[in-house]
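Read the figures in this text as sums done on the coordinates, not as results from a lab. Since we're looking at a predicted model, the values are computed, not measured. Glycine also receives a Cβ, built like all others from the backbone with ideal geometry; neighbour counts cover every protein chain displayed.
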Amino acid sequence: MPKRDTRLRFEQWTRNPDCEANTLSAILGIAMAEVARAEGITATIGQSPFALQRGIQFERYLLAREGIVLRDELARAGIISDASSPLIDLRLRRIGGGCGNLDEARERTLSFLRNCATSDSMVPSTYVLAGATISIPGRAMLPEAIVVLDVLVVTRHERHFQLTVGEIKTYPDRGGYTDRRQLASSRAQAGLYVYGLNEVIRAEAWSDQIRVSRIGFLILTRPGTNRPSVRAAEDLHFQALRSARSLEQLRQIADQLHDSEVSTKPVDAVLAASTAYQEACVTFCDRAQRCRDEALRTGNPAALGDDVAALTRGLSLSRIRELVQGAPPRDDNERRVRELAREAVQNE
Amino acid sequence: MNERETIRTLLAFSAGKPIPKGTRLLLPRRAPSDTLIIAFVRMGGESRPWGVALGKPDQEPTLLVVPEPRDAEMVAQMLEVMVSSVLSHLGHPEYPGANLYPNIPLPWQPYRPPSVWLPNATHIEMLHFLAFRYTFAKRGEPGRIKALNALGRACDWLFQESTRPGQLSCIDASAALRDAFSFPVEPARLAHTGYLVAWLTGKGNFKQRLRQASKAESLPISTSIDPALERSRLTTLLKRYKRAQRSADAQECSVVESRIRAALEPELARRFNITATAYTLMTNDPRPVVAGVCELQDRTRESHAEYLKVEEHLLKNGTAWIASPETDRNSIRAAAKYVTLQADTDLARNARVHDDASFRDDTIYAGDGICGDIVDVSKIPEGHLTRPLWTVEERVRHPLRIREGDDVVLAGLPGRQGEVISIADDGVTRRVQVMITDGLREAHGPLGWQPFDKRWVGRSVTFLSSRETGFSYLRRKMLFAREGPGIWLTHQQKRRESEVGEDDDHDG
């Protein structure tokens, strides 16, 4: 069954948008692990059950007792002015929230935003929403692009409401030493939420009443403890632009899909699609090994990394080997590669 | 990855196996008795260790495991066991190690810098986690907390060392192998030490070695355990352990604990053994160590002495300024650290560039060097002196970062320095005039002729941009000066003489 929260699918796709199989997998919501299993490959990329459990526990700790810990930390980081701002919990009931399913969460989120846009009756000036759920308009993913926001801070300004996006992660905040890839991935997620919110507001024509801040925040853990560490003032503008560009690309591809592909045997559709191996595949795709073997078999230099593919500009691995071993070059590109190789061997 | 790195990947592919990178090694060879290997495993999502392996590379490791890594007390008890091994290796005054030179009085004994090897970057990260967790920890049995505080500071020093260019104390095994060899694989796979070791120890052609390496790659080497193992065995065992703990069933606790130990010990041992193999590969490499390693050792000694000074101060007075694992806390200190890092970067580069021809070529390729033939040796007046002026011609192959007025140094003879007077470039040939300013006397070796000597004409020479570390050290000194323009602003922040720090002993 396809996953409904599309954030992971989207991130998977952005790691290698050139791979048709990856694109289809993201659009149709079919996990690559499932495709790999259908192909007879043992899936090895997966999340630790303890890490998942820890994530749930950390979120539960933050949001327990009407989110007192979360609100205190947000106030300390200057994201909300008053720690007594109310928390509206829109998470699913199975993880401790108040909504039965994603549809209900989405409906309640929309209704909350509608209230912001249309009525003046909302008394407190700041709200903290946990698990706000939106559908990104358009047809970028099938059947629909649903994203669940970990934290959304809604602040009343003089003439409009401002939405500030927050993302909860359990990895440790080590100041300037915090894992850059993990930070980049979290910012990318938050950027998608900024873009999604902007799209919803535009579709509902609430642009005058509600604005989405380009600045968001991340909630990480302090190393070795369960205490949160808030990284405020995260600029998400360019991540939101990246999401917009990528989702537009996905939308165009999704529009070209035939309905038959969508409805019948989606795993087979992904299996039948062509692949384009890249170095990044190693980090997320269970079929990476198979694709790398295929690249080596066909002499695709991407098998030795993206830099090699970029440097050799379309030369096959066998031709590269010939040039390195002294074969005469046929054109300028081959001459360049041979010259570089000759320079490199001089003092090795 | 620069183009030369990429082309080395192609050369390795053509050879069908990893190829040595450069003609010299940067890491000095250390005896197994002078080396400590530490490897960790941790539970997914946690930043405390679940188990630790530590020991000398030629001995069986000590394996420490706790049944429940989320229990802070259990982890603290486990780590207390490793305190003496780690601190005595670092020469901590309270944990003196074995005296290897009993006949030599202590002050005259040869300096043995610490050498701690870890499997890869995730294990070095764990040192930082431990520093965060224990440097300022306060709760718990006082004796244990004191030992763990010392462990936290030691881990922080090791972690900070690992980020310093040219350091020799905290070695990431995968980085050491990457630095010494080029592998015919994608850079994304190069963090897996087991994969690299399998490439280096494997036999056969490219395909056979690739198969062996891929097999090694399927076994994790980072601090995280394979999620499949966590799912299949450890989840159930931990549930059982929790149940037994709740019902105070000591026998069941002990049974489950031994099963958890049985699941984790092979994981720890594998990480330890791979690191030991990486250490052996580096130690047995026939390439000589760069001549400039002495300067790197001196710098390591200086940094090590700073760490020991704090520890001695703490022992004597019970208080000292302790660096926070998270922040410099003071802008001047941060600035000083920055310029010191710049100096260390230059020192590491200088230690290598005169001795390692391949590294020198990388430097020239990056635009920081001129390599050509001397076409003229003449004289140029400078004040009341006359200086030698060399005209060097080189074929233009890549852009040049060196500009007129820049200081340069003769590769292979660091004492001979000069200033670039003019650069003329017609797209094919580059003509550079260098006035020799230092090293005018005759020196030993093939580059030793006096610079006025006409025999230089026709000789091939390499000039590299001069990166003197002295200026950075001078800047560091200037930062702490209490007189001069602008100090009313830069010295506004009060400097604390001791650091108390925040205790993070709350688990929520």
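In the stretch A:33-84, how does Rg compare with the Kirkwood Rh, expressed as the Rg/Rh ratio over alpha carbon atoms?
1.36
Could you give the length gained by full extension between B:Ala334 and B:Asn205, i.e. 0.36 nm per residue of separation minus their alpha carbon distance, to one decimal place?
Additional length available on full extension: 41.4 nm.
What average number of partner chain Cβ atoms lie no more than 10 Å from the Cβ of the residues making up B:36-43?
The shielding value for this peptide is 1.
Per the Kirkwood definition applied to all pairs of different Cα atoms, how many angstroms is the hydrodynamic radius of the stretch A:51-154?
14.6
For the protein assembly as shown, compute the orientation-averaged projected area of the C-alpha convex hull (one quarter of its surface), in nm².
44.1
Residues with amide H under 5 Å of B:Arg387's amide H, sequence separation 5 or more or different chain, H placed in the peptide plane at 1.01 Å from N; which?
When sequence neighbours closer than 5 places are left aside, the close amide H contacts are B:Ile380, B:Glu382.
Just to be sure I understand the curve: with the Debye formula and one point per C-alpha of the stretch A:1-108, what is log10 I(q)/I(0) at q = 0.14, 0.17, 0.19 Å⁻¹?
Scattering profile of the stretch A:1-108, log10 relative to I(0): -0.80, -0.99, -1.08.
Take every Cα-Cα distance within the stretch B:252-315, group them into 10 Å bins from 0 onward, and report for each bin the whole-number percent of pairs it holds.
16, 18, 23, 26, 14, 3
What number, in percent, do you get for the relative contact order of chain A if the mean sequence gap of Cα pairs under 8 Å and at least 6 apart is divided by its residue count?
18
Using the C-alpha gyration tensor of the stretch B:269-367, what are the square roots of 5 times its eigenvalues, in whole angstrom, with the largest one first? Can you show the working numbers first?
On the way: eigenvalues 206, 103, 39 Å².
Semi-axis lengths for the stretch B:269-367 are 32, 23, 14 Å.
Which FRET efficiency value, to the nearest 0.05, is calculated for B:Ser258 and B:Trp321 with the Förster distance at 51 angstrom and r the Cβ-Cβ distance? List each step's numbers first, then the result.
On the way: r = 45 Å, r/R0 = 0.87.
Taking R0 as 51 Å, the efficiency between B:Ser258 and B:Trp321 is 0.70.
Cα centroid distance between the stretch A:169-246 and the stretch A:79-122, in Å?
If we compute the Cα centre of each part, the gap is 19 Å.
Output the 0 to 90 degree angle, nearest 10, between the alpha-carbon long axis of helix A:237-256 and the longest principal axis computed from the alpha carbons of chain A.
70
Angle between the Cα long axis of helix B:250-284 and the longest principal axis of chain B, 0 to 90 degrees, nearest 10?
Tilt relative to chain B: about 20 degrees.
For the stretch B:6-19, take each phi angle, set θ = phi - 60°, evaluate the Karplus expression 6.51 cos²θ - 1.76 cosθ + 1.60, and give the result in whole Hz per residue in order, putting x for glycine and proline.
Here the 3J(HN,Hα) series is 4, 5, 5, 4, 5, 5, 5, 5, 5, 6, x, 7, x, 10 Hz.
Once R0 is set to 35 Å, what does the formula 1/(1 + (r/R0)^6) return for the Cβ-Cβ distance between A:Glu158 and B:Thr163, expressed as a FRET efficiency to the nearest 0.05?
Taking R0 as 35 Å, the efficiency between A:Glu158 and B:Thr163 is 0.15.
Non-local amide H neighbours of B:Gly372 (under 5 Å, H modeled in plane, Pro and chain starts lacking H): which ones?
B:Val461, B:Phe463
What's the FRET efficiency of A:Leu241 with B:Asp438 using the Cβ-Cβ distance as r and R₀ = 56 Å, to the nearest 0.05?
0.60
Measuring from label point to label point, each 7 Å out along Cα→Cβ, what is the A:Ser318 to B:Ala15 span in nm?
In this crude spin-label approximation the distance works out to 2.5 nm.
Once Rh for the stretch A:145-270 is found with the Kirkwood sum over Cα pairs, what is the Stokes-Einstein diffusion coefficient at 25 °C and 0.890 mPa s, in µm²/s?
149
Can you list the equivalent-ellipsoid semi-axes of the stretch B:366-444, largest first and in whole Å, using the square root of 5 times each Cα gyration tensor eigenvalue?
21, 14, 11
Give the Kirkwood hydrodynamic radius (Å, one decimal) of the stretch A:269-348, defined as one over the mean of 1/r across all pairs of different Cα atoms.
Mean inverse Cα-Cα distance, inverted, gives 13.8 Å.
Under a plain spin-label model, where a point goes 7 Å from the Cα along Cα-to-Cβ, how far apart in nm are A:Asp18 and B:Glu141?
So the label points at A:Asp18 and B:Glu141 sit 5.9 nm apart.
Which whole number of Å³ per residue matches the convex hull of the alpha-carbon atoms in chain A?
Values: hull volume 63.2 nm³, N = 348.
Given the Cα convex hull of chain A, per-residue volume reads 182 Å³.
Would you mind giving the mean number of other chain beta-carbons within 10 Å of the Cβ of each residue in A:171-183, as a whole number?
Values: counts 2, 7, 2, 9, 7, 4, 8, 0, 3, 0, 0, 0, 0.
Mean shielding by partner chains, rounded to a whole number: 3.
Could you go through the stretch B:440-452 in sequence order and give the Karplus-derived ³J(HN,Hα) for each residue, using 6.51 cos²θ - 1.76 cosθ + 1.60 with θ = phi - 60°, rounded to whole Hz, and x for Gly and Pro?
7, 7, 5, 10, 7, x, x, 9, x, 3, 4, x, 7
Which of the aspartates and glutamates could a cross-linker bridge to B:Lys316, judged by Cα under 18 Å and excluding same-chain residues fewer than eight apart?
Qualifying aspartates and glutamates at Cα under 18 Å: B:Glu94, B:Glu306, B:Glu497, B:Glu499.
Remind me, what semi-axes does the stretch B:1-94 give for its equivalent ellipsoid, largest first in whole Å, using sqrt of 5 times each Cα gyration tensor eigenvalue?
Square roots of five times the eigenvalues give 37, 20, 12 Å.
What's the extension gain from B:Trp488 to B:Arg231 if we count 0.36 nm per residue and subtract their Cα-Cα distance? Can you show the working numbers first?
Numbers: separation 257, 0.36 × 257 = 92.52 nm, distance 6.00 nm.
Contour length minus the Cα-Cα distance gives 86.5 nm.
Within 10 Å, count the other beta carbons around each residue, average over each peptide in B:252-264, B:419-431, and list them highest first. Mind dumping the intermediate values first?
Values: B:252-264: 17.1, B:419-431: 13.5.
Answer by packing, highest mean first, reads B:252-264, B:419-431.
Per residue of B:224-230, what is the mean number of Cβ atoms on other protein chains within 10 angstrom of that residue's Cβ?
Per-residue shielding by partner chains comes out at 4.
Between B:Glu94 and B:Leu341, what length comes free when the chain is fully extended (0.36 nm per residue of separation minus the Cα-Cα distance, one decimal in nm)?
Between B:Glu94 and B:Leu341, full extension yields an extra 86.0 nm.
Looking at chain A, what % of its DSSP beta bridges pair antiparallel, to the nearest 5?
The antiparallel proportion sits near 65 percent.
Taking a 28 Å limit on the Cα-Cα distance, which of the listed pairs B:Lys56/B:Lys477; B:Lys17/B:Lys215; B:Lys21/B:Lys309 fall beyond it?
Pairs exceeding 28 Å: B:Lys56/B:Lys477; B:Lys21/B:Lys309.
What do you get for Rg/Rh over the stretch B:154-282 if you use C-alpha atoms and the Kirkwood form of Rh?
Ratio value, two decimals: 1.10.
So how far apart, in nm, are the two label points at B:Val310 and A:Ile215 if each is 7 Å from Cα heading toward Cβ?
Between B:Val310 and A:Ile215, the label points sit 3.3 nm apart.
For the Cα atoms of chain A, what angle does the longest principal axis make with the long axis of helix A:180-203, in degrees from 0 to 90, nearest 10?
Taking Cα atoms only, the helix is inclined about 60 degrees.
With N set to the number of residues, divide the alpha-carbon radius of gyration of chain B by 2.2 N^0.38 Å and report two decimals.
Taking the Cα Rg and dividing by 2.2 N^0.38 Å, one obtains 1.15.
Which far-off residues, 5 or more places away or on another chain, put their amide H under 5 Å from the one on A:Val212, with H placed in the peptide plane?
For A:Val212, whose amide H was placed from the backbone, the distant partners under 5 Å are A:Leu163.
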